[in-house]
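In what follows, a single structure is set out as structure tokens and then discussed.
Where a number appears in this text, it was derived from the coordinates with a stated rule and is not lab data. Nothing here was measured: the structure is a model prediction, and the numbers come from that model. When we count neighbours, we look across all protein chains shown, and the Cβ atoms used for this are built from the backbone with ideal geometry, even at glycine.
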Amino acid sequence: MMTINGLLGEYEVILFDLMDTLMFGGNRFSTDEDYAYTYAQLGGHLYSSVFVQSLIHAVYERMHADYNHPGCYTNFPAASVYIQQLLTERQASTADADRLAQVFALHELGHIPDGHVATLEALSQTHRLGLVSNLWAGADLFRRVFREVGIHHLFEVLVFSSDHACIKPSPRLFRVALDQLAVEPRRILFVGDDADRDVAAARALGMDTVWVTGAKQEPGPGRCVRSVVELVR
């Protein structure tokens, strides 16, 4: 791994990915997940447990297929749209669709470790910060969690894909951030865990990058860290 702390002064802005870069333990969509329990905890009662389990699983499977299809990079709506579509296809009531969207969001949500919060606080003293993240659910829950852990105000820009119906590696999300920041790409460092959707895509627009490898042992493209906390060590 390369030591990059001394190189941060080259940049005005640091942009981050979210999942597996700042937030961990999310994307809980295995066959063992109890979506019906989450639905009931939210006060849902319109749909049966079997129906909720089946529908959320179907939404995830359809979104997963689209997520990996290049033709969907610029046409990837939020989970709420998929939920509405599947309810219509199954000729079911859409009256509680918003609650089902909340179920999906809660299972996508992870946690942000204290060390990562401290890292963002430290970096915000010297750099403008932003986030460009692929997100399948609506962003409201994630923005609320950002406020709860005390990092929302640290970001000058927050670009969530579900607000724009497209996903990285499409350059569109990055350009939204660039337009809001009004800074040249060469003055931006992008930090993310995906070699293609984060690193290669940001580089294609002229940004420098740091690849967050986590526990992976193989060398990555360019500068690498195992965790973003290494940015301030």
If you split all Cα-Cα distances of the stretch 35-108 into 5 Å bins from zero, what percentages do you get per bin, shortest first?
3, 17, 30, 25, 14, 7, 4, 1
For residue 143, what charge total do you get from the other residues with a beta carbon under 15 Å from its beta carbon, if Lys and Arg give +1 and Asp and Glu give -1?
-3
Nearest 10, in degrees from 0 to 90: the angle of helix 114-123 to the longest Cα principal axis of the chain is 50 degrees
Give the long-range amide H neighbours of residue 190: residues separated by 5 or more places, or on another chain, with amide H under 5 Å away, using H modelled in the peptide plane at 1.01 Å from N.
15, 208, 209, 210
The stretch 140-233: C-alpha gyration tensor shape, a/c 1.5 cut-off, then a/b vs b/c:
oblate
Can you give me the pair-distance distribution of the chain, C-alpha pairs, 10 Å bins, whole percents?
7, 32, 33, 19, 8, 1
Taking only DSSP H segments of four or more residues, each worth -39500 (n - 2.57), what value at 222 nm results for the chain once the sum is divided by all its residues, to the nearest 500 deg cm²/dmol?
-11000 deg cm²/dmol
How many angstrom lie between the Cα centre of the stretch 173-209 and the Cα centre of the stretch 18-63?
31 Å
Tell me, what is the percent relative contact order of the stretch 35-108, built from C-alpha pairs under 8 Å that lie six or more residues apart?
36 percent
Compute the distance in nm between two label points, each set 7 Å from the Cα along the Cα-to-Cβ direction, one at residue 117 and one at residue 7.
3.0 nm
So how tilted is helix 140-149 from the main axis of the chain? Cα-based, degrees 0 to 90, rounded to 10.
50 degrees
Note on the chain: contact order normalised by length, alpha-carbon pairs under 8 Å, 6 or more apart, percent, works out to 27 percent
GNM of the chain, Cα pairs under 10 angstrom: of 163, 198, 32, the biggest fluctuation goes to 32
